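Structure first, commentary second.
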Amino acid sequence: MRRQVSWRVFAHEFNRANLQQSGDEPRAPSFVITPTGAKCNRLFVIGVATEVENIGVDTDLWRARIADPTGVFTTYAGQYQPEVSIMLSKMEVPQFVALTGKARLYEPDDTSTYASMRIEDIGISSSFARDKWILNTGIRSMERVSAMRLAIGSSLKGWKLMNHLLDKGVDENIADGVTRAIDHYPIGSDVLNDIKHIVLGAVRSIVRDELQHEKSRNIVLELMQSMDEGGGVEYDALIEASKEGGLGEVMLEEVVQDLMREGRCSEPKIGILKLV
Amino acid sequence: MKEELAPHIEDIKRALSRDKVGDDVIEHLRSLVFDYGVPISEAKRSVIRMYGGGDSSSETSLSEHVSGDGVAGEIVARVIRISEKPSEESERTFFSGLMSLRGKEVFFTSLCDFGLAPGAVVRIKGAVERELHGRPELILDEQCEVVMLDADVADHSDISPLSGVRISDANVSVVCRVLETGPKTISTREGNKIIFTGVLADGTGKLPFTSWVDLSHVSEGDVLRLENAYVRSWKGMPNLNIGEHTTVAESDAEMPSASELEPPIEMRISEATSRVGLFDVLVEGDIVSIKSGSGLIMRCPKCNRVVQANECITHGVIEPVADMRIKAAVDDGTDVLTVILDRELAAQLYDHSLSDLMDVAAQIPLDKIEDDLRMHLTGVPLRVRGNVSRAKHGSMMVAEEIYPVDEDISAQVDRFLEDRKV
């Protein structure tokens with residue numbers, strides 16, 4: 001069977017999905033359809049792992065919460081995903097991770113639906129890859145929002161809507177998902193505006209990140225210059241001083257790593273840093 | 001109400017090539033929009049269709065057409081490329097591709113099979129023009145009238161762009177630049193024979209060629225006009241064959257320089273997977289999965305096949321040779337491709353050489369190496385260049401080169417936010 005495409009969806013949207021389409025034959029794929037019409041069998045996410053826990057009773061069942069700027073994905077790996085489980089068991093949080101997995105909806109009763117991902121592949125990622133993912137996901141999300149607006153504006157349903165969207169040049173995968181979503185979700189243009197607002201906020205956070213990074217760098221450089229009396233700066237002392245300056249340890253470590261990679265800072269003795 | 005409709009009535013006048021339209025036309029439009037709630041673009045189209053017949057419409061170029069959503073007047077175009085896209089969900093098939101009109105290239109989607117083929121020159125009435133992602137696009141549906149024209153009507157109508165060439169095409173004519181050419185000796189039943197192989201390019205695509213006739217008078221950089229060539233499949237890709245009946249002539253047509261033609265054609269993965277085979281293309285996507293058989297592998301020294309222990313299916317017990325490769329699923333959100341990276345490219349991407357892996361392999365099992373590869377490479381963005389061929393389980397690219405992905409996305413972020421300012 002041909003491999004299914006991995007969809008890019010933000011957590012806020014994915015967690016609000018409560019529509020699924022099961023495959024008709026035993027081995028046919030099943031899909032979760034999101035409020036903007038992403039018809040996903042598989043998702044690709046890069047975010048921050050904030051919590052990893054083994055919630056299994058008799059067998060291992062790992063649950064990892066993966067955050068993006070809009071919300072948190074709930075992801076799982078169990079006994080049938082041994083390699084992923086091993087990786088999760090050794091993971092330190094917080095950590096940038098990239099994952100590919102199957103979209104799942106769990107409906108314990110008539111009133112609640114929980115969207116989650118069963119992890120198929122997982123890797124350690126970087127802030128750059130995460131930023132690129134946010135941008136790409138933003139682009140793809142807005143593509144779908146545009147298609148939803150077209151659908152709402154047409155007041156059409158079913159195959160007539162599908163044809164109308166295809167006529168307008170909407171990608172076939174998106175047209176299919178949008179046609180199903182519009183039938184099910186109470187989506188009006190105000191809901192779409194909310195979604196757009198969240199998407200733009202997510203993309204804006206990339207830039208904020210960079211500015212933040214720039215500010216942090218300056219704080220660290222200044223501190224190191226003022227604290228160095230000739231013999232370098234003790235790392236522990238730097239942590240304390242940075243905290244007082246409003247800079248957390250994780251960010252400090254990232255900045256120090258960057259400076260060392262650039263050759264601007266060295267570690268002449270363990271625990272002592274020196275600006276070059 | 002009249003004021004709202006005024007600009008749309010202007011559009012209709014233009015599409016029908018008339019200075020005035022009757023009250024019946026205006027009333028029809030008004031009724032569709034206000035009584036039936038039909039969206040304005042749809043209403044206009046319906047009116048134009050209904051009142052457009054019987055008029056002598058003149059050919060118009062795209063720029064004279066109604067702006068935004070509208071119906072094109074009569075156009076004459078040449079099909080550059082077309083591919084069929086079957087839908088997995090519905091019974092529907094449709095076609096999409098590229099056409100050229102008056103020297104401009106325009107994308108099109110056709111909901112019906114009009115029998116369009118690359119090189120065909122057609123007169124189309126009633127195509128709908130849309131703007132998609134900032135570019136004009138034509139939509140052809142069952143209400144369009146499509147007439148095949150005599151090839152003499154348009155310029156160079158018999159020439160196919162290389163991107164439109166398909167496996168088992170016969171009688172193909174192309175104008176292109178020779179990027180590579182050279183003799184090659186092959187052994188046939190009648191003894192050794194010299195053939196010529198190389199690469200052709202014309203800006204729309206690149207194509208490898210095989211010539212069964214002497215091509216020693218042709219040099220790299222020459223611009224040629226080939227007529228009556230035929231296309232065979234070779235290694236899963238189209239290969240232009242020059243035979244006894246092919247005319248090979250110099251051409252003084254305008255052609256980009258060899259260095260301009262050298263770069264690969266960049267495309268979305270969904271476009272790469274829609275074709276049976278493609279030569280020298282570039283895609284950008286994320287590694288969404290590392291497939292098994294990646295990392296340190298063992299090969300039979302005689303046939304190069306990947307072996308498990310020290311036994312080859314063909315050669316029995318052998319002393320296996322170590323090698324390194326990565327098989328990755330690369331996905332850009334439009335579709336997914338299996339990319340194979342050889343030892344050199346794998347080392348570039350993974351930042352470890354084969355000898356690094358072999359050192360490690362002395363202490364830890366092979367599958368732990370694969371696990372480490374997965375941990376570091378899953379989610380990595382990649383730009384990769386190579387040939388694409390389609391097999392039963394999907395399309396595959398044997399990578400020739402990988403390029404770093406631009407880390408500075410601030411300009412793209414700015415553009416995204418600018419485009420969507422409320």
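Read the figures in this text as sums done on the coordinates, not as results from a lab. As the structure is a computational prediction, the values presented were derived from the model and not from experiment. Note that we place each Cβ from the backbone using ideal geometry, even for glycine, and neighbour counts take in every protein chain shown.
For segment B:281-346, what relative contact order do you get, as a whole percent, if you take Cα pairs closer than 8 Å and at least 6 residues apart? If you can, show how the numbers build up before the last one.
Details: 118 pairs, mean separation 22.5, N = 66.
Relative contact order here is 34 percent.
Is the C-alpha gyration tensor of the protein assembly as shown telling us rounded, prolate or oblate? Criteria: a/c under 1.5 is rounded; beyond that, a/b larger than b/c is prolate, otherwise oblate.
Values: a/c = 1.87, a/b = 1.22, b/c = 1.53.
It comes out oblate by the Cα gyration axes.
With a cut-off of 8 Å between alpha carbons and a minimum separation of six or more residues, what is the relative contact order of chain B in percent? Kindly include the intermediate steps, with their values, before the conclusion.
Details: 849 pairs, mean separation 37.2, N = 422.
Over chain B, the number comes to 9 percent.
Could you sort the peptides A:111-124, A:34-47 by per-residue average Cβ neighbour count (10 Å cutoff), highest mean leading? Don't skip to the end; give the middle numbers.
Numbers: A:111-124: 19.0, A:34-47: 26.1.
Output ranking for A:111-124, A:34-47: A:34-47, A:111-124.
Take the Cα coordinates of segment B:309-361, assign each an equal point scatterer, and use the Debye formula without solvent to give log10 I(q)/I(0) at q = 0.22, 0.29 Å⁻¹.
For segment B:309-361 at q = 0.22, 0.29 Å⁻¹, log10 I(q)/I(0) is -0.88, -1.03.
Can you pull the mean other chain C-beta count within 10 Å for peptide A:162-169?
Details: counts 4, 4, 2, 0, 8, 10, 8, 13.
Mean partner shielding for this stretch: 6.
How many angstrom separate the Cα center of segment B:165-232 from the Cα center of segment B:243-258?
10
State the cysteines of the protein assembly as shown left without a partner when partners are defined as other cysteines whose beta carbon lies under 4.7 Å away.
A:40, A:265, B:112, B:144, B:176, B:303
Strictly over 30 Å apart at the Cα level, which of A:90/A:243; A:132/A:215; A:39/A:215 would you flag in this model?
Working: A:90/A:243 28 Å; A:132/A:215 21 Å; A:39/A:215 41 Å.
Where the Cα-Cα span goes over 30 Å, the pairs concerned are A:39/A:215.
Other chains' Cβ within 10 Å of A:5-13 residues: what's the mean? Please report the intermediate quantities before stating the final value.
Numbers: counts 9, 10, 2, 4, 0, 0, 0, 0, 0.
The per-residue average across the peptide is 3.
May I ask for the Rg/Rh ratio of segment A:164-208, computed from Cα atoms with Rh as the Kirkwood radius, given to two decimals? Before the final figure, lay out each step's value.
Values: Rg = 13.6 Å, Rh = 12.3 Å.
Rounded to two decimals, Rg over Rh is 1.11.
Do any trypsin sites (Lys or Arg not before Pro) in segment A:119-166 lie in a loop, going by DSSP, with at most 15 other beta-carbon atoms within 10 Å of their beta carbon, and if so which?
Answer in residue order: A:157.
Quickly rank A:162-174, B:164-176 as a protection proxy: mean count of other C-beta atoms within 10 Å, highest first.
Values: A:162-174: 21.2, B:164-176: 18.5.
The peptides rank, most packed first, as A:162-174, B:164-176.
I want to verify the translational diffusion coefficient of chain B in µm²/s; compute it with Stokes-Einstein, Rh as the Kirkwood radius over Cα pairs, at 10 °C and 1.306 mPa s. Walk me through the numbers on the way to the answer.
On the way: Rh = 25.5 Å.
In µm²/s, the coefficient rounds to 62.
Run through segment B:158-245 and list the GluC sites (Glu not before Pro) located in a DSSP loop whose Cβ has at most 14 other Cβ atoms within 10 Å. Don't jump to the answer; show the numbers that get you there.
Values: sites: B:180, B:190, B:220, B:227, B:244; in loops: B:190, B:220, B:244.
Answer in residue order: B:190, B:220, B:244.
Within a 10 angstrom radius of the beta carbon, how do A:128, A:31 rank from fewest other beta carbons to most?
A:128, A:31
Rounded to whole Å and sorted largest first, what semi-axes of the equivalent ellipsoid does the C-alpha gyration tensor of segment B:223-265 yield via the square root of 5 times each eigenvalue? Provide the component values of the computation, followed by the final result.
Values: eigenvalues 90, 68, 7 Å².
Over the Cα atoms of segment B:223-265, the ellipsoid semi-axes are 21, 18, 6 Å.
Percent of alpha carbon pairs in segment A:27-133 separated by more than 25 Å? Before the final figure, lay out each step's value.
Details: 1129 of 5671 pairs.
Of the Cα pairs, 20 percent sit more than 25 Å apart.
List the residues, sorted by chain then number, that are 5 or more residues from residue B:236 or on another chain and whose placed amide H is less than 5 Å from its amide H.
Those qualifying (amide H under 5 Å, at least 5 residues apart or on another chain) number zero.
Check cross-link reach from residue B:235 to the lysines: straight Cα distance under 20 Å, and skip same-chain residues fewer than eight apart.
Residue B:235 reaches B:184, B:206, B:327, B:392.
Let me know the mean shielding of A:118-129 by other chains, meaning the per-residue number of their Cβ atoms within 10 Å of its Cβ.
Mean partner-chain Cβ count within 10 Å for A:118-129: 5.
Expressed as a whole number of Å, what is the distance separating the alpha-carbon centroids of segment A:254-276 and segment A:5-67?
40
Pairs of Cα atoms under 8 Å, at least six residues apart: use those to get the relative contact order of segment B:322-422, whole percent. Write down the numbers at each step before the final one.
Numbers: 100 pairs, mean separation 24.9, N = 101.
With pairs under 8 Å counted, the relative contact order is 25 percent.
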